[in-house]
Amino acid sequence: MAIRFTDACIGCGACEPICPFAAIEMKDGKAYNTEACTSCGACVDVCPVGAIVREAEEKKTAVNKDDYRHVWVYLELSDGRPRNVGLELLGEGRKLADAMGQQLAAVVLGERGAAEAGVKEAFAYGADKVYLVEGEAYKHYNTDAFTSAFADLIETHKPSVVLIGATNDGRDLAPRIACRVKTGLTADCTDLGIDEATGLVAWTRPAFGGNIMATILCADHRPQMGTVRPNVFKRPAPDYGRSGEVVVVAGKVGPQDARVKFIDLLRVCTASCNLEEAEVIVSGGRGMCNRENFALLEQLAEVLGGTVGASRAAVDAGWQSALQQVGQSGKTVGPKIYFAFGISGAIQHLAGMSSSDVVIAINKDPDAPIFKVADYGVVGDAMEILPIMIEEFKKLKGK
Ligand code: FAD
Ligand code: SF4
Ligand code: SF4
């Protein structure tokens with residue numbers, strides 16, 4: 001829908017203060033919308049003379065959809081190793097490709113000679129083909145270089161579906177590629193399938209604060225693109241006996257072509273706060289009462305070789321960093337064991353940890369909703385129970 005200001009405008013000015021984007025200007029006694037207009041429609045009903053109209057935009061089908069075939073998964077590398085989310089998506093991509101009777105390909109971008117691990121893992125986790133873009137410009141993630149290379153690949157080889165992990169880099173990359181190749185993007189999906197009626201990929205994601213699940217189809221443009229959060233899907237079992245075709249593509253982008261320059265890599269977060277890959281997470285919420293009590297969670301995490309997580313309430317209180325937030329607006333995690341100390345179990349928190357294998361909840365309220373998703377529950381004061389658990393786990397480790 002586009003918004004058009006017509007000649008019927010009498011210049012009353014009523015629409016100007018309504019626009020949340022300051023996109024209305026008055027000129028020669030008439031109102032106009034500028035490029036800042038988002039077509040939100042807030043001004044339409046304000047106009048006393050109906051001078052602002054909604055117009056259906058002409059539907060442009062920019063591509064011949066039959067030219068687009070096969071499912072692609074972006075295999076993001078971190079220190080030369082594929083991130084788990086890429087491997088998880090190869091499992092889902094395999095299912096989609098099989099259902100569509102098409103091939104599954106992985107896309108790997110990296111420094112020359114440094115991306116072999118990615119190729120090997122791509123085949124082991126189900127890819128039939130790997131597009132390998134190599135070059136100095138791909139040593140570290142770079143918005144311009146990666147967008148350009150990926151968009152070029154899409155324009156040349158025309159995949160039907162592209163899956164990208166919703167990591168920090170993936171969230172930066174995917175919308176840029178989608179915009180460059182003029183297609184849509186469903187961000188932060190929590191489920192994927194095939195829509196029976198159309199044969200299109202059905203992208204499911206939470207909407208309206210997680211209160212409903214929306215399923216989105218990309219009917220008119222190609223490729224169908226989406227980002228998927230880490231830990232939503234389980235990694236398939238690898239088969240290192242598999243192999244396939246490697247298409248090596250020389251990266252066209254030189255470091256000088258990228259507007260974004262890599263200067264230095266600052267590791268603000270060590271392995272101890274890599275929540276998305278952690279096998280044991282010890283999380284605390286508002287029930288931990290203060291920042292100092294998180295030291296107990298750190299001790300338990302250390303004994304168990306785990307990582308400390310937090311609810312949004314604990315992050316908002318300044319007790320933990322936002323990097324450690326688990327939930328809808330934080331990280332989605334899938335550890336083998338998730339401890340929830342003093343966390344009530346709000347739907348937005350559950351959205352980030354419900355795929356954990358085992359959930360152990362400690363809460364002084366026996367009716368806390370977290371107990372509904374917990375495999376084991378302890379009703380009591382976290383600050384009394386934590387020292388006991390730390391001691392008992394130490395003893396068990398000692399044995
Ligand atoms: P509370 O709900 O206040 O619960 C504290 C719990 O601690 C209670 O159950 C209480 O019984 C227990 N308790 C108190 N003292 C003790 C004690 N001594 N020992 C044991 N138990 C004790 N939340 C997230 O966590 N992650 C998100 O990503 C997130 N995203 C959001 C996005 C949106 C759009 C919105 C609207 C909200 C979001 N929230 C998120 C907030 C969410 O709705 C809850 O407010 C939040 O999860 C509550 O955190 P909490 O469980 O730590 O605190
Ligand atoms: Fe402003 Fe929305 Fe009207 Fe555009 S449609 S001019 S953004 S109020
Ligand atoms: Fe013109 Fe209508 Fe805006 Fe008044 S409210 S300035 S008539 S477009």
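When the solvent-accessible area of the chain is split by element, carbon and sulfur atoms take up 51 percent of it, the probe being 1.4 Å. Dimensions of the chain based on its C-alpha atoms, expressed as ranges along the principal axes with the largest first, amount to 81, 57, 48 Å. Peptides 14-22, 327-335, 128-136, 377-385 ordered by packing proxy, namely the average of other Cβ atoms within 10 Å per residue, highest first: 327-335, 128-136, 377-385, 14-22. For the chain, the share of DSSP beta bridges that are antiparallel, to the nearest 5, is 30%. What the Cβ-Cβ distance of Ala2 and Thr198 gives, at R0 = 30 Å and to the nearest 0.05, is a FRET efficiency of 0.70. Per-residue ellipticity at 222 nm, computed for the chain from helices alone with -39500 (n - 2.57) per DSSP H run of at least four residues, works out to -7500 deg cm²/dmol. For the chain, what's the relative contact order in percent, using C-alpha pairs closer than 8 Å and at least 6 residues apart? For the chain, the relative contact order is 12 percent. Averaged per residue, the chain has 50 square angstrom of accessible surface, using a 1.4 angstrom probe with ligands and nucleic acids left out.
Taking each residue as 0.36 nm, the span from Lys261 to Tyr376 lengthens on full extension beyond its C-alpha to C-alpha distance by 36.5 nm. Across segment 12-29, coupling constants 3J(HN,Hα) worked out from phi with the 6.51/-1.76/1.60 Karplus curve, θ = phi - 60°, read 5, x, 5, 6, 4, x, 6, 5, x, 10, 6, 9, 10, 10, 9, 9, 6, x Hz, and Gly and Pro carry x.
Among Ala207, Ala250, Ala42, the largest mean-square fluctuation in a Gaussian network model of the chain (Cα springs under 10 Å) belongs to Ala42. Rounded to the nearest 10 square angstrom, Ser354 shows an accessible area of 80 square angstrom against a 1.4 Å probe.
Backbone phi angles across segment 196-204, fed through the Karplus curve with coefficients 6.51, -1.76 and 1.60 (θ = phi - 60°), yield HN-Hα couplings of 4, 5, 10, x, 7, 5, 9, 9, 10 Hz in residue order; Gly and Pro are listed as x.
Across segment 60-214, Cα pairs under 8 Å and at least six residues apart give a relative contact order of 22 percent.
Residues whose amide H lies under 5 Å from that of Ala31, counting only those 5 or more places away or on a different chain, are Gly11; hydrogens are built 1.01 Å from N in the peptide plane.
All distinct Cα pairs of segment 65-257 go into the 1/r average, and the inverse of that average, the Kirkwood radius, is 16.4 Å. Spin-label model, Lys336 to Asp98: label points 7 Å out along the Cα-to-beta-carbon direction sit 2.7 nm apart. Between Ala42 and Thr156, the distance separating the two model label sites (each 7 Å from Cα on the Cα→Cβ line) works out to 4.5 nm.
Straight Cα distances below 16 angstrom link Lys120 to the aspartates and glutamates Glu76, Asp79, Glu88, Glu111, Asp128, Glu134, Asp239, Glu245, with same-chain residues fewer than 8 positions distant left out. Modelled label positions at Phe21 and Lys120, each set 7 Å beyond Cα in the direction of Cβ, lie 4.9 nm from each other. Rg and Dmax, both from the Cα atoms of segment 271-398 and both in Å, are 12.8, 38. Selection among Phe339, Ser243, Val162 by position relative to the dipole of the chain gives Ser243 as farthest towards the positive end (Cβ unit charges, Cα centre). Note on the chain: GNM, Cα springs under 10 Å; of Thr190, Thr34, Thr307, the largest mean-square fluctuation is that of Thr34. Ignoring aspartates and glutamates fewer than eight residues from Lys399 along the same chain, the ones with Cα atoms less than 19 angstrom from its Cα are Glu302, Glu391.
Set the Förster radius R0 to 25 Å, insert the Cβ-Cβ distance between Glu111 and Glu279 as r into 1/(1 + (r/R0)^6), and round the FRET efficiency to 0.05. According to the calculation, E is roughly 0.30.
The values are calculated or read from the model by the stated rules, or taken from the named source; none is laboratory data. Just so you know, these numbers come straight off a predicted model, no measurement behind them. Backbone-built Cβ (ideal geometry, glycine too); neighbour counts: all protein chains shown. Calculation scope for accessible area: heavy atoms of the full protein, side chains included, ligands and nucleic acids excluded. Shrake-Rupley method; radii C 1.70, N 1.55, O 1.52, S 1.80 Å.
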